[in-house]
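Take a look at the structure set out below.
Bear in mind that the values in this text are calculations on the coordinates, not laboratory data. Since this is a predicted model, take the numbers as computed values, not measurements. All Cβ positions, glycine included, derive from the backbone under ideal geometry; neighbour counts span all protein chains shown.
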Amino acid sequence: MLTILGQRQNGYCDGISRRSFLKIGGLALGGLSLPQILRAEANSGVRKSHKAIIMIFLPGGPPHQDFFDLKMDAPAEVRGEFRPIRTNVPGIEICEHLPLLAKMMDRCVPIRSIVGASGAHDAFECVTGHRRNRQQPPGGWPALGSVLSKLHGAAHPAMPPFVGLSPKMGHMPWAESGPPGFLGVAHAPFKPDGEGKADMVLNGVTLDRLGDRRALLTGFDHFRREADASGMMDGVDRFNDQAFGVLTSSRLMEALDISKEDPKVRERYGKGDPKNRNDGGPKLMEHFLIARRLVEAGSRCVTLAFSRWDHHGGNFDACRQDMPMLDQGLTALLDDLYHRGLEKDVSVVVWGEFGRTPKINKDAGRDHWPNVSCALLAGGGMRTGQIIGSTDRLGAEAKDRPVHFQEVFATLYNRLGIDVSQTTLPDLSGRPQYLVDHYSPMSELI
């Protein structure tokens, strides 16, 4: 489903004229053409390493005191129903419903003292590192994946640098894979939902016909370039070449097709529940596997969202269902990365937008608590097998080593060779913007 010619429409906020050079209908690219999304590789070239990041967002805010920070000495209305278990790292204990993770804690770093949450009920801060409700630069803050798309591009020219797997949810702000912000739509996440996935197959279009259309496209682009005084058409041929490369390569489709995976590997990841629950998202275990396949194939950043953790009521019953599923999918991913030799190249972060109240409410739930939350880091060549930070007796405030959201981002950027103290990107006014606000990578991890 290709659109070769299109009418010139209003320009995007990043100044790129909206033209349908080569548009694939239904690809969930926000109306982008593939040449535009591949423009990300122009500034620094494609790096051939497999350095990448997988971000697992837990919509709604997971209960930190029921994951990695159980308070057994606290009053019953704070302590909750779960018990801690030992891990394979002496001195580190986590929830009893994460037994598989406990067996590989030497490959992980739980952080018990994440601070700086805005309190907004969405994925924005987790995918950008910035608060949505603070003054943003012209164009808005870009997501981590968009920054990596801009600075590094994909590790393979037939792969989109930034892929967002977050499914549709009743509360769509949780499903945000990450905005491109002032970097423009060329660095928006590629979203291979079910409908868009079908459009990556050239049904009824042979390679010969595609070549004919390419020649026609080149002729029209030559005319447009002569008529375009802005200079925006410069280099279009290069982007079109790469766009055709994606269409004529099976690499992306194969990465998304888990039927090509060893059945034993698929079994380790488990089966989830594709149905949405209330306003949250489904439990798609296959997304953990697809994320690994995408970064291995050459994507630089993959974001996904798993289930729903906004339990104002029935917190413990819901966690008894969901925590073992998260445990299985996450540990299968970490184990896969380790056995494929990718644990030093691929960083994994798991977190939500905030924590939950220390006091359990009358409905056996925990309410919103932006004061402190938790995260889990793994891979990326980080120094794992340790725990960072602590909270007070009730799990209400960070006590030792508060860790700001942006410190985690600075560390993730560092793992891809990006120096946050030096690197800037211009916003739409041309003003250089640092990636984080005066935060450095975590010295404990690098």
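Structure summary
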{"read-out": "Rg followed by Dmax, in Å, when the stretch 121-178 is reduced to its Cα trace", "value": "12.8, 37"}
{"read-out": "Cα centroid separation, the stretch 149-187 to the stretch 269-300 (Å)", "value": "15"}
{"read-out": "Simple spin-label estimate for Met72 and Arg340 in nanometres, 7 Å along Cα-Cβ", "value": "3.7"}
{"read-out": "Gyration tensor (Cα) of the stretch 326-446, equivalent ellipsoid semi-axes in angstrom", "value": "28, 22, 14"}
{"read-out": "Ranked by how many other beta carbons lie within 10 Å on average, peptides 255-263, 397-405, 299-307 from highest", "value": "299-307, 397-405, 255-263"}
{"read-out": "If the convex hull is drawn through the Cα atoms of the stretch 311-384, its volume per residue in Å³", "value": "90"}
{"read-out": "Scattering profile of the stretch 252-370 at q = 0.17, 0.23 Å⁻¹ [log10 I(q)/I(0), Debye over alpha-carbon scatterers]", "value": "-0.90, -1.35"}
{"read-out": "Residue-count net charge about Lys344 - beta-carbon cut-off 13 Å; Lys, Arg +1, Asp, Glu -1", "value": "+3"}
{"read-out": "Cut-off 19 Å, label 7 Å out along Cα→Cβ of Asp273, residues of the stretch 54-79 by amide N", "value": "57-63"}
{"read-out": "Sequence ranges 93-103, 143-153, 280-290, ranked by mean other-Cβ count within 10 angstrom, highest first", "value": "143-153, 280-290, 93-103"}
{"read-out": "Most to least packed among 427-437, 174-184, 381-391 [average Cβ atoms within 10 Å]", "value": "174-184, 381-391, 427-437"}
{"read-out": "Sorted largest first, extent of the stretch 51-168 alpha carbons per principal axis (Å)", "value": "49, 34, 27"}
{"read-out": "Flagged links, alpha-carbon separation over 28 Å, of Lys359/Lys399; Lys150/Lys260; Lys191/Lys344", "value": "Lys150/Lys260"}
{"read-out": "Quarter of Cα convex hull surface for the stretch 387-446, i.e. mean projection, nm²", "value": "5.3"}
